[in-house]
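Just so it is clear, none of the values below were taken in a lab; they were calculated from the coordinates. Treat the numbers as computed from the prediction; the structure is a model and nothing was measured. Every residue, glycine among them, receives a Cβ derived from its backbone with ideal geometry; neighbour counts consider all protein chains shown.
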Amino acid sequence: MAMSIVYVIFIEELITSDLKLKPKAIKELESKISNIPYNEIIIDFSNIGSMTPDFVNKYKSLLNKSKKIIHEVNIPPHLEKTFNHGMKSY
């Protein structure tokens, strides 16, 4: 049985631990996702200290455009409300 390959992106290492809506950061994340040759990606939110609702909305919009299967893990408890609120609009 063939195993599928899952790629992990540590968002803190790619962008920063304070996620704000910055065009460069979103473009970098979009480029990283589109250039990964695998169909399944895990985005790890470990060590993220803050996240703006604007970032979440742009992030969710980016995911909706992608044809890849993307899972988010390790969203800090103090940011779950912000993260889940952004999900409602999609």
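Data overview
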read-out: Nearby aspartates and glutamates by direct alpha-carbon distance to Lys32 (threshold 16 angstrom, same-chain neighbours under 8 apart not counted); value: Glu12, Glu13, Glu40, Asp44, Glu72
read-out: Convex hull projection area averaged over all views, the chain, Cα basis, nm²; value: 6.0 nm²
read-out: The range 36-46 - phi-based ³J(HN,Hα) in whole Hz, Karplus 6.51/-1.76/1.60, Gly and Pro as x; value: 6, x, 10, 8, 10, 10, 10, 9, 9, 9, 4
read-out: Signed unit charges on C-beta, dipole axis of the range 6-84, positive-most listed residue Val73, Leu19, Leu63; value: Leu63
read-out: Residues whose placed amide H lies under 5 Å from that of Ile42, excluding near-sequence neighbours; value: Tyr7, Val8, Ile9, His71
